[in-house]
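Report on one structure; see the data block that follows.
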Amino acid sequence: MKTALVCGAGGFIGSHLVKRLKAEGFEVTGIDLKYPEFGTTAADEFVIGDLRSQSVCSEIMDRPYDEVYQLAADMGGAGFVFTGEHDAEIMHNSAIINLNIADLAAKTGVKKLFYSSSACIYPAYNQLDPDNPKCNEDSAYPAAPDSDYGWEKLFSERMYMAYSRNLNLDVRIARFHNIFGPEGTWTGGREKSPAAFCRKVAQTPDNGTIEMWGDGNQTRSFLYIDECLEGVRRLMNSSFMGPLNIGSEEMVSINQLCQMIAEIAGKTINVQHIDGPLGVRGRNSDNNLMFEKLNWKPTQPLETGLRHTYKWICQQVADTNNNLISQSAKNKNSQNTHA
Ligand code: NAD
């Protein structure tokens with residue numbers, strides 16, 4: 001049986017990846033600061049541990065795994081990454097995790113290592129026009145990411161490639177473009193735009209108003225989690241090191257994204273545009289290299305993934321409301337008892 005270690009197995013993509021690897025017959029070890037928030041892990045072994053610590057990394061990497069998936073990172077959506085308030089922790093925490101993992105993977109003879117980089121590495125100067133962003137893999141240099149999150153990803157890409165050149169570590173590097181789906185962060189400040197708008201629409205009555213950062217004309221593409229995992233597994237099974245975009249080419253404006261979610265919900269939703277952290281003006285995955293190297297690219301329409309995600313977030317909103325109601329009933333009862 002092949003063995004896999006998933007770093008960041010308590011996170012959104014990591015917890016789904018564990019399920020996928022189990023379904024493929026891997027023996028899976030997971031590690032994270034936390035268990036998955038929205039369900040139990042499918043891992044055979046799950047360790048709560050801080051990968052910034054060298055000794056924690058040494059303990060978990062005590063064997064030559066067939067495959068290591070390095071997804072652990074201090075990250076979130078625009079509200080976390082683009083405000084500038086978390087730059088030092090993002091750079092320090094994620095870089096130190098990657099430094100630890102790369103070194104131990106080479107020393108312990110890991111057979112293949114996957115690293116999740118990001119579309120945020122692409123230069124800001126190629127993403128000024130919302131209708132024509134340039135994000136093919138070769139356009140990464142001269143480097144000018146618009147966030148320190150992106151700079152850390154670029155540093156770590158280069159480090160893994162250096163380990164490949166100098167220490168024969170067999171690596172695969174993907175640049176994810178806005179992955180979304182059920183069981184992802186949907187509230188609390190680290191959520192990304194599809195989850196944030198699903199939540200806002202779910203919480204707003206028909207004909208109500210929600211807030212949106214910016215004018216909503218900024219463009220993005222979003223990839224559903226199942227297709228992301230398909231891309232990851234195909235890249236791992238290929239002989240191509242990357243970096244390779246794993247994203248969708250169905251570019252929409254944020255206004256369109258919001259409108260699609262409102263239609264799925266069957267509601268008329270008004271939008272109030274307010275100031276907020278935005279990121280680049282336009283971004284879209286360029287999947288030409290993916291098709292060339294993997295003979296595959298994602299095909300599922302954005303709307304299909306949004307339907308699954310909206311349904312799941314609606315349920316989360318309803319469960320949270322029910323919990324609040326039963327908590328307040330309990331509080332009232334206990335006040336009456338003490339009266
Ligand atoms: P996530 O935040 O849900 O998962 C990351 C996990 O890493 C979290 O569970 C977190 O607890 C864990 N982690 C952070 N610091 C740790 C530490 N010191 N020790 C152990 N675990 C730690 O994020 P995600 O959306 O699942 O993203 C997974 C990876 O993909 C990340 O590297 C992210 O940068 C990258 N990525 C994601 C997207 C996306 O759209 N979701 C886009 C581009 C890149």
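The values are calculated or read from the model by the stated rules, or taken from the named source; none is laboratory data. Please read these numbers as outputs of a predicted model, since none were measured by experiment. So basically every Cβ, Gly included, is an ideal-geometry build from the backbone, and we count neighbours across all protein chains shown. The area values use the complete protein model at the heavy-atom level, side chains included, leaving out ligands, DNA and RNA. Shrake-Rupley method; radii C 1.70, N 1.55, O 1.52, S 1.80 Å.
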*What is the gain in length, in nm to one decimal, between residue 336 and residue 62 on full extension, counting 0.36 nm per residue of separation less the C-alpha to C-alpha distance?*
93.0 nm
*Tally Lys and Arg at +1 and Asp and Glu at -1 over the other residues with C-beta under 11 Å from the C-beta of residue 234: what net charge comes out?*
+2
*Surface per residue (accessible, 1.4 Å probe) for segment 119-195, Å²*: 41 Å²
*Roughly what % antiparallel, to the nearest 5, for the DSSP beta bridges in segment 202-323?*
25 percent
*Among rounded, prolate and oblate, which fits segment 290-339 when a ≥ b ≥ c are the square roots of the eigenvalues of its C-alpha gyration tensor, a/c under 1.5 means rounded, and a/b larger than b/c means prolate?*
prolate
*Any chance you could list P(r) for segment 69-218, counting all Cα-Cα pairs in 10 angstrom bins from zero, rounded to whole %?*
10, 34, 34, 16, 5, 1
*Distance between Cα centroids, segment 54-87 to segment 136-171: provide it in whole Å.*
15 Å
*If you take the beta carbon distance between residue 238 and residue 325 as r and set R0 to 51 Å, what does 1/(1 + (r/R0)^6) give as a FRET efficiency, to the nearest 0.05?*
0.50
*Run the numbers on the chain and let me know its relative contact order in percent, using alpha-carbon pairs under 8 Å that are six or more apart.*
17 percent
*Could you please state how large a percent of the accessible area of the chain is carbon and sulfur, counting protein chains only and using a 1.4 Å probe?*
49 percent
_Hull volume in cubic angstrom per residue (convex hull over the Cα atoms of the chain)_ = 157 Å³
*Which residue fluctuates the most in the chain, going by a Gaussian network model with Cα springs under 10 Å, if the choices are 298, 130, 142?*
142
_Please report, in whole Å³, the volume per residue of the convex hull around the C-alpha atoms of segment 255-296._
117 Å³
*Would you mind checking the tilt of helix 225-237 against the longest principal axis of the Cα atoms of the chain, expressed as 0 to 90 degrees and rounded to 10?*
0 degrees
*Please work out, to two decimal places, the log10 of the ratio I(q)/I(0) at q = 0.19, 0.21, 0.22, 0.30 Å⁻¹ from a Debye calculation in which every Cα of segment 28-89 carries one identical scatterer.*
-0.86, -0.97, -1.01, -1.34
*Å³ per residue of the Cα convex hull, for segment 1-155?*
135 Å³
*Looking at the chain, send over the antiparallel percent of its DSSP beta bridges, to the nearest 5.*
5 percent
_segment 25-137: relative contact order in percent, alpha carbon pairs under 8 Å with at least 6 residues between_ = 25 percent
*Could you work out how far the C-alpha centroid of segment 194-238 sits from that of segment 253-332, in angstrom?*
4 Å
*Which net charge results for the neighbourhood of residue 44, defined as the other residues with beta-carbon distances under 11 angstrom from its beta-carbon, given Lys and Arg at +1 and Asp and Glu at -1?*
-1
*For residue 171, residues with placed amide H under 5 Å, excluding near neighbours*: 113
*Charged-residue dipole, Cβ positions (Lys, Arg, Asp, Glu), segment 145-233 about Cα centre, Debye nearest 20*: 280 debye
*Where the eigenvalues come from the Cα gyration tensor of segment 219-339, what are the semi-axes √(5λ) of the equivalent ellipsoid, largest first, in whole Å?*
41, 20, 14
*Calculate for the chain the 222 nm mean residue ellipticity that helices alone would give, adding -39,500 (n - 2.57) per DSSP H run of length 4 or more and normalising by residue count, nearest 500 deg cm²/dmol.*
-14000 deg cm²/dmol
*Net charge near residue 299: determine it from the other residues with C-beta under 14 Å of the C-beta of residue 299, scoring Lys and Arg +1 and Asp and Glu -1.*
-4
_Tell me the relative contact order for segment 209-327 as a rounded percent, counting alpha carbon contacts under 8 Å between residues six or more apart._
39 percent
